[in-house]
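Asks: One structure coming up, written as structure tokens, with questions to follow.
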Amino acid sequence: MVEGQIKQELVSYRNKEGLNFSSIKTFDDEGVGVFYKEYILGQRKEKVSQALIIGSLVDDMVLTYRGDMNLFYQHFEDRYVKYDGVKSSAQAFILADTLFDNMMETLNSDGGVTGDFETCFKESFNKIQADGKYKGKTWDKGLEDFEKTARLYFDKRIQSIGKIVVDLKTLSIAENVARVIFTDEFTSATVKGEDKAWLTKVVIEFEFMGVKCKSEVDAIEIDHDKKTVRGVDLKCTYDNEDFPYNYVKNKYYLQQAFYTEAIQSWMKESAELDGYTLVPFKFIVGDTSINNRRPLTYKLSSADMKLGFTGFTLRGTYHKGIHELIQEIKWHIANDIWNCSKEAIENSGVLPLSINYDK
């Protein structure tokens, strides 16, 4: 019987070549230019936010270490570093993260930071000021605030390049979300694999539409009695009863479709799963708010699953599916065009303007 196992090499998936959900979402969200910079030139910056850090922590607690918190903390320093202060949304911390990104662009071949602090600081200050922070302030006033509020946090990031800096409040929130997911009767049997085989962190390399692809599926649930296989993804959100909104906003319809294709490819290579049926994806969603809502499971219908492939129109807005997006990515790669969309090229730079005004 196939069994899941604790993921040993935390960076191995990233080192594999192939199109993945994140790259497809970037192409759809931010356009061909950003996709080219991040995924063709390899200049992708790691995004940092409390929500993303909580998601990463809960993901490891629940999926990588299967709820064994002692094991999680034994391996904590493999990926994380504790920051004893409290990181808030204050503009000094936004400045610190922007400064860190700028400093990372100056790394030499040995991984050392070569950038001049003052130069990088001024560039970072000007950048966030253009976005509305530190209105009417000079950079030296920003430096004063930075030194007082966020310097220790910034130093921790610089000293821990390649790891995620976690403040104690964020760690506490993640621990609570993971605990609830493992103990609440809504989800405990599923994540413990009590009634079905439960494989976690399944890395799949496959070919889709003539493109080399990769995915790391949070979990695959196998019901040997009913001979069914289902993909599962773990999410954390501030209001898990509002997940349908986030499903569309964050383009999880693309994720479930892409992972469905990956699992189908994976099943074909497993003689043990011959005759098994792949059923629509589901999401287990934890709540990170102070309301401490119970974890919920959202199951997709067959129609929902298919729309992630084909695309759909919702309230007057068209959302592309992965079939169309991958075709566009293939076209850009084949033609080496990164400064204009496929649609614009094919229409000689003339595009329709169609606005769905509210009546």
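The values are calculated or read from the model by the stated rules, or taken from the named source; none is laboratory data. Quick caveat, the model's predicted, so the values are computed rather than measured. With ideal geometry, Cβ positions are generated from the backbone for all residues, glycine too; neighbour counts draw on all protein chains shown.
Asks: Out of GLU30, GLU46, GLU38, I need the residue that is without any contact (Cβ under 8 Å) to a residue 60 or more places away in the chain and either surrounded by 15 or more Cβ atoms within 10 Å (Cβ to Cβ) or of a type in the set (Phe, Trp, Tyr) (or both). Which one?
Replies: Going through GLU30, GLU46, GLU38 in turn, just one is without any contact (Cβ under 8 Å) to a residue 60 or more places away in the chain and either surrounded by 15 or more Cβ atoms within 10 Å (Cβ to Cβ) or of a type in the set (Phe, Trp, Tyr) (or both): GLU38.
Asks: Hey, could you check region 300-354 for residues that are over 26 Å from ASP233 (Cβ atoms) and among the polar types (S, T, N, Q) and say which is modelled with the lowest pLDDT?
Replies: The residue in question is SER354.
Yes/no matrix, rows are residues, columns are (1) under 18 Å from GLN159 (Cα atoms); (2) in the same structural domain as ASP225 (by TED's automatic domain parsing); (3) among the aliphatic types (A, V, I, L, M); (4) at pLDDT below 90:
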| site | (1), (2), (3), (4) |
| --- | --- |
| LEU52 | no, no, yes, no |
| GLY55 | no, no, no, no |
| ASP60 | no, no, no, no |
| GLY67 | no, no, no, no |
| TYR83 | yes, no, no, no |
| SER88 | no, no, no, yes |
| ALA92 | no, no, yes, no |
| SER109 | yes, no, no, yes |
| GLY112 | yes, no, no, yes |
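Asks: Restricting to helices (runs of 4 or more DSSP H) lying wholly in region 53-168: which have 2 or more residues that are small (Gly, Ala, Ser) and under 30 Å from GLY42 (Cα atoms)?
Replies: Hits in region 53-168: 91-104, 117-130.
For (1) farther than 24 Å from TYR80 by Cα; (2) surrounded by fewer than 20 Cβ atoms within 10 Å (Cβ to Cβ), each residue gets a yes or a no:
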| site | (1), (2) |
| --- | --- |
| GLU144 | yes, yes |
| ARG151 | no, yes |
| ASP155 | no, yes |
| ILE181 | no, no |
| LYS196 | yes, yes |
| GLU207 | yes, yes |
| ALA219 | no, no |
| ASP225 | yes, yes |
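Asks: Any chance region 230-239 includes a residue that's outside any strand (DSSP E or B) and either among the hydrophobic types (A, V, I, L, M, F, W, C) or under 13 Å from GLY286 (Cβ atoms) (or both)?
Replies: Within region 230-239, one or more residues are outside any strand (DSSP E or B) and either among the hydrophobic types (A, V, I, L, M, F, W, C) or under 13 Å from GLY286 (Cβ atoms) (or both).
Asks: Here's another thing I want to ask about it. Among the candidates LEU325, LEU234, LEU314, which residue alone is within 18 Å of LYS25 (Cβ to Cβ) and surrounded by fewer than 16 Cβ atoms within 10 Å (Cβ to Cβ)?
Replies: LEU314
Asks: Is there any pair with a first residue in region 50-78 that is of a type in the set (Ser, Thr, Tyr) and a second that is in a helix (DSSP H, G or I) whose Cβ atoms are under 7 Å apart and which are 6 or more apart or on different chains, and what are they?
Replies: TYR65/LEU71; TYR65/PHE72
Residue by residue, here is whether (1) among the aromatic types (Phe, Trp, Tyr); (2) free of Cβ contacts under 8 Å to residues at least 40 places away in the same chain holds:
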position	(1), (2)
GLY136	no, yes
GLU144	no, yes
THR149	no, no
SER172	no, yes
GLU194	no, yes
LEU199	no, no
VAL203	no, no
PHE206	yes, no
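Asks: Please count how many residues of region 292-321 are within 30 Å of ALA174 (Cβ to Cβ) and touching a residue at least 40 places away in the same chain (Cβ under 8 Å). Don't jump to the end; show me each part of the working.
Replies: The initial filter retains those residues of region 292-321 that are within 30 Å of ALA174 (Cβ to Cβ), namely 292-300, 304-305, 308.
With the extra rule that they be touching a residue at least 40 places away in the same chain (Cβ under 8 Å), the set shrinks to 292-298, 300, 304-305, 308.
Final tally of qualifying residues: 11.
Asks: Could I ask something else about it? Residue check: is LEU57 under 17 Å from LEU168 (Cα atoms) and surrounded by 18 or more Cβ atoms within 10 Å (Cβ to Cβ)?
Replies: Against the criterion (under 17 Å from LEU168 (Cα atoms) and surrounded by 18 or more Cβ atoms within 10 Å (Cβ to Cβ)), LEU57 qualifies.
Asks: Got a number for residues in region 249-274 being assigned to a helix (DSSP H, G or I) and surrounded by fewer than 15 Cβ atoms within 10 Å (Cβ to Cβ)?
Replies: 4
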